[in-house]
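Heads up, the thing below is written out as structure tokens.
What follows draws every value from the coordinates through simple rules; no lab data is involved. Note that the coordinates shown come from a computational prediction; the quantities given were computed from them, not determined experimentally. For neighbour counting, all protein chains shown are included, and Cβ atoms are generated from backbone atoms with ideal geometry for every residue, glycine included.
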Amino acid sequence: VTPLALGIDIGGTNTKVAVVSHSGEVAAIENFRTGSENPSALVENIRQAAARITGSNPIRGAGIAVAGFLNPARDRLSYNPNLAWLEGFPVRDAISDAVAVPAILEVDSNASTLGEYRFGGGRGSTRFLCLVSGTGLGVGVIVNGELLRFMGECVGDAGHVVAEPEGPECPCGGRGCAEAIVSERSIVANAQSGATLREVIESAREGGARAIAELDRAGRALGIAMASLAQIFFPDRIAVAGGLAEADNLILPAAEAAFRRHVNADSRAEVTVVKAALGWQATVIGAAAPLISETGATL
Ligand SMILES: [Zn+2]
């Protein structure tokens, strides 16, 4: 039987439920508001969406990605101010019970990183660093096929490395964090208040000076963050994933130039910087990835 798995992405705003094939393709997907204050309602919405999209296909498990830090047992969210109402709730087991298959839980940036590593821009990398932009800036690192975990079951708040020493204050309480410059909220606020990131990118493509300047600034901040992180993790490949990857040539050349200017010579020579290949699907694909190994990985 061809293995299929559910890939579920619980974000601060939206939740996605997908059926993912053994080759890492999304066969069906639903997207709905995460809601707030009610974990049981979220689990029920996930159950209903899963029932609609799986039909009669056999499902071997559910991979769940959630934004924020996890507890060491990886069965619940331990910290995310944007999903505080979900902290401590046994989300892995509640979803497992609801959809009647085994479930695993992962940090969303880790899931995106794993998706790209298995099926996208990270294939073949030995030391893979992935920067995932969105509401914030997530970071995942895979060394020799294994996700690094040392804080919150991921690499900590690595999106908050400093990219502009005199830069803007960050909601985290720091100053000049990469996330404070590259978050969707920040780019939109500076470039085109009230717009979406997609509209800012569109504006830049049409020559909008503020949009171009803001994306260039975000690219530089990403590159400086890459340089700082590369001195710790020594990646052979770095991918930019998430919403900002869609800006492509408006952001990646600036990111790569800043990276090469700031990183040491040895790292510079050995690293390639790429755009992630899976787009916004990376998270659901990566969430399901451990369940769809063609070598028959089991839970
Ligand atoms: Zn910060």
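Volume per residue of the convex hull around the Cα atoms, evaluated for the stretch 51-196, comes out as 156 Å³.
At 7 Å along Cα-to-Cβ for each site, give me the label-to-label distance between residue 100 and residue 265 in nm. About 6.5 nm separates the two model spin labels. For the chain, find the longest principal axis of its Cα atoms and tell me its angle to the long axis of helix 209-233, 0 to 90°, nearest 10. On a 0 to 90 degree scale, this one is about 70. Rg over Rh for the stretch 192-299 works out to 1.07, using Cα positions for both radii and the Kirkwood form for Rh. Candidates 281, 171, 38 compared by Cα position along the dipole of the chain: farthest toward the positive end lies 281, with charges placed on Cβ. Sorting the segments 271-277, 202-208, 105-111, 138-144 by their residues' average number of neighbouring beta-carbon atoms within 10 angstrom, most packed first, yields 105-111, 138-144, 271-277, 202-208. Applying 1/(1 + (r/R0)^6) with R0 = 22 Å to the Cβ-Cβ distance of residue 41 and residue 185 gives a FRET efficiency near 0.25. Length gained on full extension, residue 57 to residue 234, computed as 0.36 nm times the residue gap minus the Cα-Cα distance: 59.5 nm.
Only sites in a loop by DSSP and with at most 13 other Cβ atoms within 10 Å count here; which trypsin sites (Lys or Arg not before Pro) in the stretch 111-158 make the cut?
Numbers: sites: 118, 123, 127, 149; in loops: 123, 149.
Those satisfying the criteria are 123.
For the stretch 146-241, the alpha-carbon radius of gyration amounts to 1.17 times the rule-of-thumb value 2.2 N^0.38 Å expected for a compact globular protein. Calculated FRET efficiency, residue 85 to residue 169, Cβ-Cβ distance, R0 = 25 Å: about 0.45 to the nearest 0.05. Expressed in Å, the radius of gyration and Dmax of the Cα atoms of the stretch 25-109 are 12.7, 38. Expressed as a fraction of 2.2 N^0.38 Å, the C-alpha radius of gyration for the chain is 0.97.
Estimated at 0.36 nm per residue, the fully extended path between residue 150 and residue 293 surpasses their Cα-Cα distance by 49.0 nm.
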